[in-house]
Amino acid sequence: MNLTNEKDIILITCPVWGVQMPPLGLAYLATNLKKKGINLKVLDLNIDVYKRVDDKLKELWKFENNKYWSDLDKDFKGLFEEEFKYCVKRILSFSNIKIYAFSIQATNRLFSIEVISRIKKARPDKIIIVGRVGCFDDREREQIFPLELVDFFIVGEGEVSLFELVDRLKKGFSIENISGVVYYKNKEKMFTLPQLIEPLDKLYFPTYEEFDLGDYTEKSLALIMSRGCISKCAFCNDWKMMGKYRTRTAEHMFKEIKYHVKKNKITNFYFNDLLINGNIKELEKLCDLIIKSKYNLTWIALAMPLDNMNYNILIKMKKAGCITLNYGIESGSDNILRKIGKPISISSVEKVLELTRKAGINTQLNFIVGFPGEKDEDVEKTIMFIKKNRKNICGITNINVCNVVAGSELLVNNKKYGILFPDDTTLRDSHWYTLEGNTFEERESRAKQMIRVFNNLDLPIFTTNLKEKVADISKINSKIKIADIILVNLPPWGVNNPPLSLACLSEYLKSKGINVKIFDFNIQLYSKVKNEYSNLWHVENKNYWSNDNFFNNLLSLFSQEINAAVEKIVSSKANILAFSVVDPKERLAIEIIKKVKEKRPNIKIIVGGPACATPTSRKFFEERVPELIDAYIVGEGEETLSEVVDKINKNMPLEKVPGVVAFKNNKENNFIPREPLKPEEIPSPTYNDFDLSQYGDVNSILMEWSRGCIANCSFCIGKLMLGKYRFKEPKRIVEEIKYYVREKEIKRFTVVDNLINGDLKKLEETCDLIIKNKLGIRWSCEGIGIEMSLSLLKKMKEAGCKEFQIGVESGSDVVLRRMRKPYTAKSAELLVRRAKKTGLKTEIFIMIGFPGETESEFNKTLEFIKRNRSYINLVKSINILHLIAGTDIMDNYKKYDIILPRKDYHYRWYTKDSNMEIRNNRVKKVIDLINNLGIPFLETNIMEGKDKKSNNLRDIDNIITLKLAKGVNYDKGKTLIETEKTKRKRINVLYKNDKSIVHIVKGFLNIRNLFRKGDEINKIEQIRKKLIPTPKYVTIDLTNSCNLNCVGCWTHSLLLKDKEANNEWKSQIIPFDTLKKLIDDLYDLGTERIRLTGGGEPFLYPKIMDIIGLIKE
C-alpha cells in the first residue's frame, strides 16, 4: 500500500466518554504525531453527539448509565440511529483521508464498532486502526471485534506505535514487526510486544490545538505526570496496560502547566495519574515550581495513602493548588488489603487522612465491596474504619461491587481466587461467584449496607456501579423524535427557577400531540459566566442588554456561547423556533434569529411575549428583521401557538389565525383577538423539560393559581397579555401541588399570579384543601390592596403562606383613582395591618411620580409608610412610573397631560408639574425615610439610563447592583446618602471601621450617662437624634472560629489558599463582658434587631446561650 499522495489520518473518539474536557489520550496522540510530520484531523464525536442530542438523552452520559453503552442492546441502539448516521457521514466527509484511528474504551467500544462497520460497508478501502484499553485484552479483542472490520490494533502506548504504523503505510513499507501493533493474517495473530516509552520527557505534551475547549462543560484540562503504577492490585488492569511506573521530571510537567495557563487560559486541572505520589521527590519539586510561579491553580489527583505523604509535602501540595486527593482505600480491613495487593495498612491510611485534612486538602475515598475472600468481619472493619475517621473523610468518589475486568489478575488467575463464572458470558464480569458464598447478590447487599452507613454519616457518594442503567429507556425512547418546535428562553431572565411561561406552553403543546423541546439559553449562559458577570442578570442592570453600543460589547464577550447556542438550535432539526421575548431581550433575539436563518433559511421563526404585544413594540423587530419573523403571537400563547404549529406543518398561511400578527409587504395583517383559555384549560406544568438542579433555588418552583386581573390599571400591560381574570379550580391546584411534592420533592412555591386575591371564595377553598391534605408546603404570593377578612388571611397562613406582597403603589386616593386601582389607601392599609397581625411577612410595592401626584399627594405616601412602619417587613420596590406601549397612559398620554421627549420618553416624560428630576428626588426621599425607619427594600429603577454612561467592554467589571437599603449611594463607590432637604450627610452605620461612627457613638454614650433618671429620657432621645441615627438593625461578629471549611466561605474556604486567614485571626472572639455592655448600649439606643454572625460559627462562642438570653431579655 502506498498512500503518499493522501492526507494521513483522522483520530476519532465515539460516545460515550466524559464531556467535561477533551480526551487526554487523543490529545497526546495528536500532538506527538503532528510533531513528527503526520498530517491529521481530530474528531471528538463524543462531544459532538452530546451537543446534538435531546436533554433527556444527555442523561445517558452519566457514569451510572455506562452499562447501556457497553451492552448497546437493540432498544438502546435505536435511540441513536440518527447519531450513527451523523458520525459516519462526518467521518466520510473527509474523503481524501484514508486512515481512520479510533480510541476505544469499554464504554464506547460497541458504538465504535457499529460506526466502523457502516464505514467499511460504504468504503471498504478505508484503513481502520483501533487502540487504547478497549482492545488490550486478547480475549475481549477476538470475541468482541469482528476482525474483518479492523486492519490494525494498537496495544499499549500509542504515540510511537501509531506513528511507526502510519509512517510505513504512507511510504509503502512493510508493516511487520512494529512494536505494539496487532493484526490478523488469515485469522492468525501477528504481534510484536510493545516497548515502553522512556523517559517520558521525550514525549511532547498535548497542546489541545485540535480541540475547541469551549465545547466542553468545564474550563479544565487533564494532566498526567506519570504512567504505570507502583502497585499491582488484583482487581485492576491499568498497571498491566500501562507497564512499569515511570514519571516525568517536575520541570517538564511544569512547562506543560505554564503553557496551558498562558496559551489556553486554564488554571483548573485533573491529574489522571494512577497515583500522583509514586515519585515523591519529583512531586515536591513540581509543587515548589508552582508555588514560585504564583499561578493561582486548583487541581485534583489520585493518590495512594503511603507513609511518604508527610505533613510537609501535603502543605506544599495545598499551596501549589491541590484541593482534593482521591485515595484508593478499597477496604478498611488489613486482611483484604493484603489479598488485593495494596502496599498500605489501615494505620498508615488513618495517619495520612488526618494529615491531609490538617493541611486543608479535601479527601475522597474509593471502596470495593466483595473482593474474593471478604467476610462479614471484613465489612464490619471497613464500617468501623469509616466511622472512626469520619472527620477526616470529605466524601466517597465511588463504592463499587468487585467486578472481574479483562486483563486483571482476578481473571487471568481466577482459580487462585476461587472465582467461578456463570454460563451467560455477558454476566461474567459482574456475576462471578465463589463456593464460599460470594455471589453478586451478597456483594450487592454488602454495598447497600455500606451506602446506608455513608448516608447516616452525611458522606456524599458520587458514583456507584450499583446504579447501572438507571435511566428509563422507554421514557427516553418516547421523546426522541425530532422536535416540531423549540421554545427558547433568552437572557437576561430570572435564574432561581425555570421559566413558568415556557413550562406551560410546553405542557399545552404536548397535550395536542406536538413534540416540544425547550432551550433555556438564559440559565445556560448564566451558569457559565456567573462568577464574573452575574450582575448583568440583576433587574437594575437589564438595560445594558438593550443599549445598542453596550450590547455590541456583550455580543463580543459572549460570542462563543451564542455561537454554540445557534449550533445547538440548528442541529436539532426542529421546523419551528419560538422565542419568548420581554424587554430587554429583543436585541439578543434578533442576533440569534439572524444567525439561525443564515444556517437554516427554511426554519420558521415565531416571537411572543410582552416585547411584541403592541404595534409600537413590534416595530423594533419589523424595522430590523422584517423578513425573518414568520409570526408574532399576541396575548395568551398556548392555543395560538398550537394552531400556528399545525398550520405550518400543513403549509397553510398564518394571517387568519386568531392571536397572530404577520408582517408582510411592509404591513401587518388585520389582527383577530383570541378568547383567553378557560380556567380548566390553563395547563399545569410538570417541569419535566428542565433540569431543576441548574437553577439557583432547587427546592422551589413557580406556580400560577389564576390568570388575568380584576383591575385594568392605566400603567399595566397585564390585561392586554393575559385577558380577564380566571382562578383555577381549587381541587386542580391542590392536585398540582401534590404532584410537585410527590414527584419533585418540592415544598416551596412562588405563586406568580398578578393577584392572588381576585376571587376570595376560590382562594379560601384552595387554602382549606391544602390544610385538609396536610401538605406542609410554604408559598408566597402577590395581591392588591382590597379588603380581606382576618379569617381568610389566617387560613392563608395556616395553608403555608409566608410572604404576602401587596401592591400599595400610593398612599393617595387621588393617585390611586388616576391609576384606575380598584381599592383605596385605607383598604390597602387595612390589608397590610391584618396580614401582619396574622403572622405573614408583608412586602409592599410603591410607585412614584404618576401624573397628578402633587407634592401634597406624594406626602400622603410618606405618611402611609410612617403609620405602618411596624406592619411592613419589606418594601419590594420603589419605582418611578415608566410608560409602556399598549397601556392606557401611553396610548392616551395627552389625556394625562404628558409631554414626550424624542429620546428615552418611557422614563424622561414630563408634565407641567412633574419631571424626571422631581420624580428622582421623591424616590430618594422615600428611600431615606424607610432607611430611617429601619425597613429594608430590594430594588428601584432610579438608576434608569446608567447604561448610557458606559459603552466600553472594560466597564462591565464596574457594573454594580444597588445596596440602597444598606446606605450605599446612587452613584458607585460612595457610602453616604445626601438627603434632599437638609443636605446633611447620613452615615451608614454598617461600616464598622468608620472612625467617625465610633467617635459619635462614644460621644452619645458619654452624654447618655448624664441622664439616668426616668424623667430625662426625652432629653436623651433629643441628643441622640442630633448625634446619630438609630441603628435599628445591628450585626455582631461573635467569633472567627469555625468547625467547617465551606467552599463558598470568605474566611475558611480551602479555595482561598494563601489568602486564607491565619490561625491567630481565626481564634479571635469578643469578650463576654464587652458583649454585655454592647447589648446594654444597643438597648438604650433603640436597636430592634440583632443578628449574631461573623467570620465563624456563632454557636462555637463559649457563652452563646447566655448572650441569646441577654438579648431576649
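Each reported figure results from applying straightforward, stated rules to the coordinates on display, with no laboratory input. This structure is a prediction, so every number in the text was calculated from the model and none was measured. Heads up, the Cβs are rebuilt from the backbone with ideal geometry, glycines too, and the neighbour counts pull from every protein chain shown.
Structure above, values below:
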quantity	calculated
Among Phe845, Asn879, Val832 - extreme Cα towards positive end, dipole of the stretch 817-883, charges at beta-carbon	Val832
Amide H within-cut-off set for Cys322, under 5 Å, with H built and near neighbours excluded	Trp299
The chain: antiparallel DSSP beta bridges as a percent of all, rounded to 5	20
Whole-angstrom gap from the stretch 210-282 to the stretch 684-758, using each part's C-alpha centre	50
Theoretical ellipticity at 222 nm over the chain - DSSP helices of four or more residues, -39500 (n - 2.57) apiece, nearest 500	-11000 deg cm²/dmol
Estimated vicinal HN-Hα couplings, Hz - the stretch 545-558 in sequence order (Karplus 6.51, -1.76, 1.60; Gly, Pro = x)	7, 10, 6, 3, 5, 5, 4, 4, 5, 5, 4, 5, 5, 9
Cut-off under 5 Å, modelled amide H: who pairs with Asp8 long-range	Asn39
Fewest-first sequence of Val155, Val751 by Cβ atoms within 10 Å of each Cβ	Val751, Val155
Vicinal HN-Hα couplings computed from phi for the stretch 1065-1076 (Karplus, 6.51 cos²θ - 1.76 cosθ + 1.60; Hz; Gly/Pro x)	5, 5, 8, 6, 9, 8, x, 4, 4, 5, 5, 4
Spatial separation of Cα centroids for the stretch 1052-1113 and the stretch 776-809, in angstrom	35
Fraction of beta bridges assigned by DSSP in the stretch 219-467 that are antiparallel (%, nearest 5)	10
Per-residue HN-Hα couplings for the stretch 166-171 [Karplus 6.51, -1.76, 1.60; θ = phi - 60°; Hz; x = Gly/Pro]	5, 4, 5, 4, 4, 8
With Cα atoms, 0 to 90° folded angle of helix 109-122 axis to the chain main axis	70
Mean Cβ neighbour count within 10 Å, used as a protection proxy, ranking 64-70, 705-711 highest first	705-711, 64-70
Order of Leu536, Leu29 - criterion: other Cβ atoms within 10 Å of each residue's Cβ, fewest first	Leu536, Leu29
For Glu330, residues with placed amide H under 5 Å, excluding near neighbours	Asn366, Phe367, Ile368
Order of Ser1041, Ser112 under a 10 Å beta carbon neighbour criterion, fewest first	Ser1041, Ser112
Protection proxy ranking, peptides 692-701, 160-169, average beta carbon neighbours within 10 Å, highest first	160-169, 692-701
